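The structure under discussion appears below in the form of structure tokens.
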């Protein structure tokens, strides 16, 4: 029935509008492959509604049912297929040799380019730029946005190219052309080139009060303050069974559904060096998702140590309930929105965070005075932190506790794709 060996990824569209698109990967296995595939699918604006995973440790077969996160979004299916095929190990007989070669010679990360966009300010401007970059498969590594006193904006985006084509003039010109077409008369100038020495090693650093650090970076569920909305979310339940299979530990997970759920589960297992031998993601029932996973340690054995199992279950519950942390704080007269998410052990950041936050703020009419993205390390892990300085308006007085709470809920709901309980 097969998928040809030189075509390990197959995308099958539904028979009628609204039907899910089925994505199949049939290729040699590698550690964390399921997580990598789910991250790419999420990057392209798709949500996984069902799924099956199966592997014998050498070859894997993955089937995922997907739907767009937004009705108006246009999925670049050919680009998605190319990205997925690039993530899958080669199906050729030389795969083992190439895998050994790559482990001894780690892949060089793609070069970072600097995109400078200078334009007149307007509502939703930052999200519109981010949307263009997302469509062009350009990844935002860092960003620095500044508004000048005369209502102009200088956006500095440090980006990488998933197509690895920014070294060509055609790709750079294409990016600037798309941006100027979207920004129209608001665009003053657009430049894209390698950053000069003055921009080297400008990763930046943020300092946080103990209270804000607790809200953003705590790894203890009981230490994280919950909004009224989050208190109504049923906590995840995980049942562990070491008797069902002679070689695997079974995890039966039930939790509230959200767009990144499958990615968050597989990301956690990947970072804990846990392999999924078989998995099934059931369709949503009453806003809850059931996930069954047969897992093993990297040496192929069950997980029988009670302390290890308890630690794994606690970490999975934390990542399913709090994969992102959102808070608003004050710094003198300024109101600052902060969003933090853990970075994968492989150094990958979470997809679409900047896109979703700027979309949420655009939808409620909140202007962004400045923004930046930095990496922040704690004793437990590395985090990606998004900092937005919000612009005061008469319609939404940022000093109001109610306004702040509703902004946080709106941003969190957009990030998680949960049903909103209130609107600004």
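The values are calculated or read from the model by the stated rules, or taken from the named source; none is laboratory data. In this text the structure is predicted, and so the values were computed from the model without any measurement. Glycine also receives a Cβ, built like all others from the backbone with ideal geometry; neighbour counts cover every protein chain displayed.
Of all the residues in segment 378-411, those that are at pLDDT 90 or above and over 24 Å from residue 333 (Cα atoms) number 3. Among the residues of segment 85-115, those that are surrounded by fewer than 16 Cβ atoms within 10 Å (Cβ to Cβ) and at pLDDT 80 or above comprise 86, 111. Contact annotation: no residue pair with Cβ atoms under 6 Å, 6 or more positions apart or on different chains, pairs a residue in segment 188-200 that is farther than 16 Å from residue 167 by Cβ and not assigned by TED's automatic domain parsing to the domain that holds residue 120 with a partner that is at pLDDT below 95 and surrounded by 14 or more Cβ atoms within 10 Å (Cβ to Cβ). Put simply, of 137, 229 the only residue that is in contact with a helix residue (DSSP H, G or I) (Cβ under 9 Å, 6 or more places away or on another chain), buried (at least 16 other Cβ atoms within 10 Å of the Cβ) and modelled with pLDDT under 85 is 229.
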